[in-house]
Amino acid sequence: MNALDATSPATLSVDKRAITKVSLVILPLDITGKKLCLYFHKEGPHQGKYLGVWGSATKGETVLQAAHRILKDEASLESDAIVVVGMNSFIQPVDDEGSVEEWLEYSVVARGVRGTPKSTSALEPSWVDVEAIPYDKMWADDFHWFPPALQGTPFVAVWQFVNSQDNKMEQYDIRHVAQEELQRRTAAAEQLFL
C-alpha cells in the first residue's frame, strides 16, 4: 500500500468539479462509550458488510445538521453530543477508460445516543463492543479511521480503491489535524458543496 504524495486531496485541495456527492458515516456510541451501533447490510452495494449509520447531506444544511437528521431518519437515534471527527475523500474507477468517481464523506461520532436502532429488510443493527469491531466484514478503510474517530482524534484522509466491486485499496493517506483545521476545511467544503 502506497501513501499518496503531497498533491493528494488529503493535503486540502478539493476540486469542486470532481465531487459527485457529500455523505456522512455516523458512529453511534451508547451512554457508556463502550458499545457502537453498526448496521449489517443484507443487500445493495454494501451487502455483507457492517457500516455506521450512512446518509447523504443535502443542499442548504451543514454537516452537523445532516448528522442529526440522518441519525434520526435512518436509525431512529438521537444524540446531544455529535462531533465531526474526519473528512474523507474517496476516489474509485467507474469504468475501464479511466473515469473516476470522487466524493466527500464525513466521519461523525455521536456519543450517548438515545432510542432503539431501526431495523429494515435491508439493514440489521447490532451493538458491538468497541474493542471487538468486525473489521473483517467492513470496508478496508474502516480499519484505519475508526480508531482515531472513536478516540476523538480529528483527521483528513484520501482513499483510492481499485474499483467499485472489490474491497481493495490502491493507496491511501490519513493525517491527524487540529480540530480547528478540520472545522476550517468542513466550513470551506460546506460553502462549495452544500
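Coordinate-derived values only; no laboratory data. Here the structure is a predicted model, which means the values were calculated and not measured. With ideal geometry, Cβ positions are generated from the backbone for all residues, glycine too; neighbour counts draw on all protein chains shown.
Just from the alpha-carbon atoms, what are the Rg and Dmax of segment 6-165 in angstroms?
Answer for segment 6-165, Rg first and Dmax second: 15.4, 49 Å.
Out of all DSSP beta bridges in the chain, what portion is antiparallel? Express it as a percent rounded to 5. Can you show the working numbers first?
On the way: 34 of 49 bridges.
Looking only at bridges with both residues in the chain, the antiparallel portion is about 70 percent.
Considering only the other residues whose Cβ falls under 15 Å of the Cβ of residue 144, what net charge follows from Lys and Arg at +1 and Asp and Glu at -1? Don't jump to the answer; show the numbers that get you there.
On the way: positive: 168, 175; negative: 105, 136, 141, 142, 170, 173.
Net charge in that neighbourhood comes out at -4.
Pop a pseudo-label 7 angstrom from the Cα along the beta-carbon direction at both residue 184 and residue 168 and give the gap in nm to one decimal.
3.8
Check each of the GluC sites (Glu not before Pro) in segment 101-194 and keep only those in coil by DSSP with at most 16 other C-beta atoms within 10 angstrom; list them in order. Before the final figure, lay out each step's value.
Working: sites: 101, 102, 105, 131, 170, 180, 181, 190; in loops: 131.
Listed in order of number, the matching sites are 131.
Out of the trypsin sites (Lys or Arg not before Pro) in segment 108-142, which ones are loop residues according to DSSP with at most 13 other C-beta atoms within 10 Å? All intermediate terms of the calculation are to be shown ahead of the outcome.
Details: sites: 111, 114, 118, 137; in loops: 118.
Sites meeting the loop and neighbour criteria: none at all.
Can you give the net charge of the other residues whose Cβ lies under 9 Å from the Cβ of residue 157, counting K and R as +1 and D and E as -1? Walk me through the intermediate numbers first.
Details: positive: 175; negative: 141, 173.
Every neighbour counted, the sum reads -1.
Under a Cβ-Cβ cut-off of 15 Å, what is the net charge of the residues other than residue 182 that fall near it, where Lys and Arg count +1 and Asp and Glu count -1? Mind dumping the intermediate values first?
On the way: positive: 175, 184, 185; negative: 105, 180, 181, 190.
That sum, taken over residues with Cβ under 15 Å, equals -1.
Using Cα pairs under 8 angstrom and six or more residues apart, how large is the relative contact order of the chain, in percent? Each step should come with its number before you reach the end.
On the way: 412 pairs, mean separation 54.5, N = 194.
So the answer I get is 28 percent.
Answer with one residue from 83, 161, 106: the one whose Cα lies farthest towards the positive end of the charge dipole of segment 80-191, charges on Cβ with Lys, Arg +1 and Asp, Glu -1.
The listed residue farthest towards the positive side: 83.
Among 71, 58, 23, whose Cα projects farthest towards the positive end of the dipole of the chain, with charges put on the beta-carbon of Lys, Arg (+1) and Asp, Glu (-1)?
Ranked along the dipole, the leading option is 71.
In the Gaussian network model of the chain, springs joining C-alpha atoms below 10 Å, which of 173, 142, 95 carries the largest mean-square fluctuation?
95
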